[in-house]
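Contents: one structure, followed by commentary.
No lab work stands behind these numbers, since they all come straight from the coordinates. In this text the structure is predicted, and so the values were computed from the model without any measurement. With ideal geometry, Cβ positions are generated from the backbone for all residues, glycine too; neighbour counts draw on all protein chains shown.
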Amino acid sequence: MAYEEPIRDYDELVENCTCAFCGCNCDDLTYLIKDGHVVGVRHACRLGASKVMEDMDQRLLVPMIRNDEGNLVETDWDTALDKAAELIAGAVRPVFYGWSETSIETMKHGIKLGELVGAVLDNQATICHGPSLQAVQNAGYPVNTLGEVKNRADMIVYSGNNAMNSHPRHMGRYSAFPRGYFRKRGRFDRTIVTMDPRYTDTAKMSDIWVGFEQNGDYEFYNAMRAVLRGKKLKKDVISGIPKEDIEELVEAMKTTQYGSLFFGLGLTHTLSKQRSIDIAINLIQDLNKFTKWNLVPMRGHFNVNGFNIFMAFEMGFPYGVDFSRGYPRYMNGETNTIDLLTREEPDVFMVIAADPGAHFPGGANRHLTNIPVIQIDIHWGPSTELADIVLPGSFIGVEAAGTSYRMDGVPIYMKKAIDKPETCRDDEWIVRELHERVQKIKGEKIASK
Amino acid sequence: MKTITFNQKKTSPIALEFDELIPDTIYNWEKSDFDKYMVPIGNSKFSLSNYFDVEVGGEAESPAEVKMILNGDLGRVKYIGNKMSDGQVIANSSVDLHCGAEMSGGSILVNGDAESYAGREMTGGELEIKGNVKEFCGASYIGDWRGMTAGMITIHGNAGKQLGECLTGGEIHVKGNCDILPGIHMNKGLIQIDGDVTRWPGGQMQNGDIVINGTLSRFLEGFNQEEVVIDPTIAGKSFSGKYIKFTGDIARNGKGTIWLAANKNRHLL
Amino acid sequence: MEYIIKNGIVYDPTNKIEGEKKDVMFKNGKIVDNVSSDAKVLDATDKLVMAAGVDPHSHIAGPKLVVGRLYRPEDSRRGVKPKTATTRAESGFSIPSCPATGYRYSRMGYGTVVEAAMPPLEAKHTHEEIVAIPNIDIPALALFGNNWFTLEYAKDNNVEDLAAFISKWLKITRGYGVKIVNPGGSEAWGWGMNVHGLDDPVPYWDVTSREVIHTLAEANESLGLPHSIHLHPNDLGHPGNYETTVGSMDLIKDISKNSPVRDQTVHMTHIQYHSYAGTNWRDFESGAEDISKFINKNDYVTCDVGQITLDETTTMTADAPMEFDLHQLNGLKWANKDIELETSSGIVPFIYSGRNSVHSVQWAIGLEMFLMVNNPWQIMLTTDNPNAGPFIRYPKVISWLMSNKRRTEMIEHGEVHKAVGRKSSLATLDREYDFDEIATISRAAPARAYGFTDRGHLGVDARADIAVYDIKPNEIDPSNEYETIECAFGNAALTVKDGQIIVQDGEIVSTKESQTIWANVQGIEERENEVMKKVMPVFDKYYTIKFENYLVHDHYIHNPIEVNIQAGK
């Protein structure tokens, strides 16, 4: 890596900003601001810094509506909002998807709108940690805040997750490296284990790499639990791991003082889906009979956990909440975005702070081309190509303040550092406007009857 | 006896929800009641008569005397027979989600396939599916550790993943093959699979019996091989042939039993 | 707008009004002693009128609750109700959604509910939920009993710095008082351990629970906070724990009260769980007699009960080691949440059943406490919601208290296990509460214990928080008509909050935004700054969040009720 000169040309520093990238929600960033733009970011990882600094890259700046020729053309806010409200008010099976990269304050208006029209509200968990949440619902949720790991943990396991690449500051700020109250020597006081079929960068950083076979996780964890219950393993090799290694690993996990397991999509999206997490949670519970263990899912977006928490306290269910009958319903495989789209049920789709165009399976996106799509976002992306109405929002944690929840559930108030482009609006404002306009249309409908 | 026949006029891309149209509510309905009825679709309600022409014949004093026949493409009709306690439902096509969910009595016959969650949290009655079923057949509502508690599900085709999840009673009989993890978290009851099972039956089971008459490709370490039993009686049912008995799942301190047909599973011995 | 509630039978223990037929008038959200002839008349002829209820200990908002809701969809599914023109959709039975929580308290005629445990690090979350709960005012008690700074100060017996720390942290978290949960035990859970009794040292901290409780009580009184320390003592739910409980109450007998607005120096919470005799679950029996004797002799103690209601519920407490034991006992899904430097917590679903001997005896112990503590100002109505049962069961508990006949029926008809007869003295207690005592344990006494002078009574200038129940106290025989009692207390004929009519005939007719009540100690700012100089280096080193982002900003507190206290006065 070439040496880069530090940035010295800036007007002001804003300290203690919160990173709007991954679920680490690092809140120690310093933004270097010049002419109303962030020109440099201190303390952030490359992922976070590039997202914050390139806020104007392919930026959506003005509301747009797709015309009859199929081109997006610029329009004014009133026209775009009225058109969007009209579509939402007339929909029979509307789906509002996304929310993980916006604030809780925005979601508050979103849920009101969803309840009003009987929509399905869903977030990115539906394609990422949804199975983890299902497993939590089946098996339990022994978690801790990341400071507990920093201060106490002497054994840290990453399972199905490559933190070095996906959450670059995770190991440095929270788990492997920091010096904690009871772990004064930091990394030297801890054993790091990576369980992953791939020899990842995280595995390279670890003391132990357990490279079990793909889709072999359920069987592997089952064997670990059996060993913990005192069983002599019968097969010599289980899921590609020699039985002696499993026995040794279990012994180490049992005799550690404080262990913490972090798991990612490499565990949630294998053959046995939520059951891999289910059994991992059960393993953690078993280990607590001997010593202290907790786990934390490595959440992706900075507020994906926030949406789940928000929906749970507002309506009792974490994601995929269907208001179509006036009360909340939650049924995996039925009230989730992907299932609804592949069944071709939705007739209006609103996407806010998410990019289904880039992430959804083809079958789901195919239906999006057939129905009106409303996009609230800050950047042009594959979803913009699918969108019929585009409403340019603002960047939470940079251009707008708002609340987010870290992967471990710690709430953080993300502050505003710069002004948004003049022609854009805050997400909160946009969704509130939509709610008010839909309310008006519904009111008029009732009055005309 | 009262026969109520639903003949489909047109399909809907958004599913119709039939949770109110069960023998318990409609046994005393006249044809005019059906014509008036607004069926939930998405966030709205539409006249049932747009979608189904309903014929009513005979009289019924109670739900038990109702025979409900559904004709047409039911691939977008959810909750058929949901929470019914008596009577008979015959669906002459493949059905959508939650068919027979939470039913406590009566019978449902599906002449086709069933989507996921068929027979979810059943507490009684009989559900027979001539085709295949998707995931979570006879399972619990998510989060609950108590699944189907009584009744009988018969599947003539194949079953999807996590069949009989958290099964707490009753019987599920699959005549075809079964995808991964049948009987996961099972507490009680009987699952009989006549075909093959891909992987890991009985994961984290605590009790109950799983009988596999076909071939099992991969097994979990959490099960201990016990003796070979000839012509066993399992959960009050007689089976003929040689079965290898396994107990587990030890990982959960479980005391469940898996019975494997010996002639098909020599590779596991 | 002026109103007059006419001809009700008023029970207002604070103002010594015991079943008088009189009018209650209010104007601009306050109780007044006269109104003009334009006042709107609300007829309550011969009906029961009380101040709106005050719940002294309930878990309704915060991270624990949300974990419960998130991981128990099967509970959320119970109690689902569609939205109406006035209300939002509801969900949940033992852990209702935020809107449902507000509506259900209003339907019971409640106006104020204390959230009993707020971890400072996640205080913002608690306040977000408070905002989402309509209709009731909510103070939240911040957790201090296992905080690392507290442990340090307690070890050094540094009351002065601890007091400044508390004062600062109440400002930071917008908390109302000092909650202590299993002092030392939740910190020990950081290593999968627990402390047993008052003198078992906390691992690595060289301090005992006795020292923690005593120092916190001293600090609390030195500040003169409106509420005393709120203590969930060690050994919750362990057979034989009554000794620890008596010891915990006894150890602060030397501390003198320093607040005119309350009577106690310690509030013992969910005392039922702490009144067990025996040595294991086999010889487990009631220890209520010893506990109630102590309370009857010592007026510096108040308590709430945590009455078992024999339901399938969700247990949740900052006493995390206890929750793990519970999970080992019942095998149901276990959630745990450890919070850096502050506390831990655990959650486990639990099915209390009258067929189970232990649960039945627990049920009896709670009722024994109610019946054996003589002074109703010292004992308060709670189910430690949702631990011993959901709060919507309060009307049922009231019916049990008012009817010996019903209690006897339950014992004799096998609705509870026969062990109740052998292991508790409940069957021999024939005391029945009257309406005045019910009003005391459900509004007057809790308000007094929290130093709320503006609620819990119907005196002039109090907030117009009023409940009218559709029973005629002068005609009804609660002993026989317990079902009517339960039904009436569950469906208020009228609930008024700050002068706004919220409930009519058991239905929500309007909603209002809830308010956060918090205690702002003034006069020791310099001392606070000194303490912060020592706190900050530790904070920066061991927390994973910046201090600026740790604070609860004004943004999270929608129209607060700030209780200003001059430190030490």
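Data table
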| read-out | value |
| --- | --- |
| Cubic angstrom per residue, convex hull over Cα atoms of chain C | 134 Å³ |
| B:E55 versus B:I230: modelled label distance in nm, points set 7 Å from Cα along the beta carbon direction | 5.6 nm |
| Positive dipole terminus of the range B:113-268, leading residue within B:G176, B:N265, B:G248 (C-beta point charges) | B:N265 |
| FRET E, pair C:H196, C:N330, Förster distance 25 Å, beta-carbon r, rounded to 0.05 | 0.70 |
| Potential extension, C:N375-C:N34 segment - 0.36 nm per residue separation minus Cα distance | 119.4 nm |
| Net charge dipole size for the range B:168-254 [Lys, Arg +1 and Asp, Glu -1 on Cβ; Debye, nearest 20] | 80 debye |
| Centroid-to-centroid separation of the range C:407-431 and the range C:333-399 [C-alpha atoms, Å] | 18 Å |
| DSSP beta bridges in chain B [antiparallel fraction, %, rounded to 5] | 35 percent |
| Charged-residue dipole, Cβ positions (Lys, Arg, Asp, Glu), chain C about Cα centre, Debye nearest 20 | 980 debye |
| Residue among A:N215, A:N370, A:N294 with the largest mean-square fluctuation in a Gaussian network model of chain A, springs linking Cα atoms under 10 Å | A:N370 |
| Longest segment of chain C lacking chymotrypsin sites (Phe, Trp or Tyr not before Pro) that sit in a DSSP loop with at most 14 other Cβ atoms within 10 Å | C:282-569 |
| Computed label-point distance, nm, for sites C:E20 and C:V538 using a 7 Å Cα→Cβ extension | 5.3 nm |
| Over 21 Å between alpha carbons, listed pairs C:K337/C:K512; A:K108/A:K449; A:K34/A:K416; A:K416/C:K546; B:K9/B:K31; A:K184/A:K289 | C:K337/C:K512; A:K108/A:K449; A:K184/A:K289 |
| Mean ellipticity per residue at 222 nm, deg cm²/dmol - from DSSP H runs of n ≥ 4 across chain C, formula -39500 (n - 2.57) | -9500 deg cm²/dmol |
| Convex hull projection area averaged over all views, the range A:130-297, Cα basis, nm² | 8.5 nm² |
| Chain C: DSSP helices with Cα axial extent of at least 18 Å and average Kyte-Doolittle hydropathy no lower than 0.5 | C:159-173, C:357-372 |
| Cα gyration tensor shape for the range A:391-449, rounded if a/c is under 1.5, else prolate or oblate | oblate |
| With 10 Å bins from 0: P(r) over chain B, alpha-carbon pairs, percent | 8, 31, 30, 18, 10, 4, 0 |
| DSSP-defined antiparallel bridges as percent of all bridges, the protein assembly as shown, nearest 5 | 40 percent |
| Computed label-point distance, nm, for sites A:V237 and A:N370 using a 7 Å Cα→Cβ extension | 4.7 nm |
| The range A:40-90-the range C:195-272 distance, computed between alpha-carbon centres (Å) | 56 Å |
| Around A:R343: net Lys/Arg minus Asp/Glu count, Cβ-Cβ under 11 Å | -3 |
| Per-residue ³J(HN,Hα) for the range A:372-380, Karplus 6.51 cos²θ - 1.76 cosθ + 1.60, θ = phi - 60°, Hz, x for Gly and Pro | x, 10, 10, 10, 10, 6, 10, 10, 5 |
| The range A:369-406 residues near the modelled A:D76 label - backbone nitrogen below 20 Å, point 7 Å along Cα→Cβ | A:389-393 |
| Rounded to the nearest 20 debye, dipole of the range A:130-297 from Cβ charges on Lys, Arg, Asp, Glu | 560 debye |
| Proximal lysines relative to C:K21, as straight alpha-carbon distance under 24 Å, when same-chain residues fewer than 8 apart are discounted | C:K6, C:K30, C:K40, C:K47, C:K472, C:K497 |
| Paramagnetic reach from B:R146 (point 7 Å along Cα→Cβ, amide N under 20 Å) across the range A:134-177 | A:137-140 |
| Whole-number Å³ per residue for the convex hull built on Cα positions in the protein assembly as shown | 188 Å³ |
| Contact order normalised by residue count of the range A:368-414, Cα under 8 Å, 6+ apart, percent | 27 percent |
| Cβ-based net charge around A:I33, under 9 Å, with every Lys or Arg adding one and every Asp or Glu removing one | -2 |
| Where a label projected 7 Å from the Cα of B:S217 along Cα→Cβ would reach, residues of the range B:167-189 with amide N under 12 Å | B:178-181 |
| Between the range A:403-438 and the range A:164-243, the Cα center-to-center distance that results, in Å | 37 Å |
| In the range A:278-347, trypsin sites (Lys or Arg not before Pro) in a DSSP loop with at most 14 other beta-carbon atoms within 10 Å | A:K289 |
| Extension gain from C:S510 to C:I172, taking 0.36 nm per residue of separation minus the Cα-Cα distance | 118.4 nm |
| All lysines inside 24 Å of C:K569 as judged from Cα atoms, apart from same-chain residues fewer than 8 positions distant | C:K168, C:K171, C:K179, C:K253, C:K257 |
| Among A:A89, A:M253, A:I441 the positive-end extreme of the charge dipole of chain A (Cβ point charges) | A:M253 |
| Debye-sum result for the range C:299-391 in log10 I(q)/I(0), which assumes one identical scatterer on each alpha carbon, at q = 0.19 Å⁻¹ | -0.93 |
| Value of relative contact order over chain A, rounded to a whole percent, pairs C-alpha under 8 Å and six or more apart | 24 percent |
| Kyte-Doolittle at least -0.5, axis length at least 24 Å by Cα - qualifying DSSP helices, chain A | none |
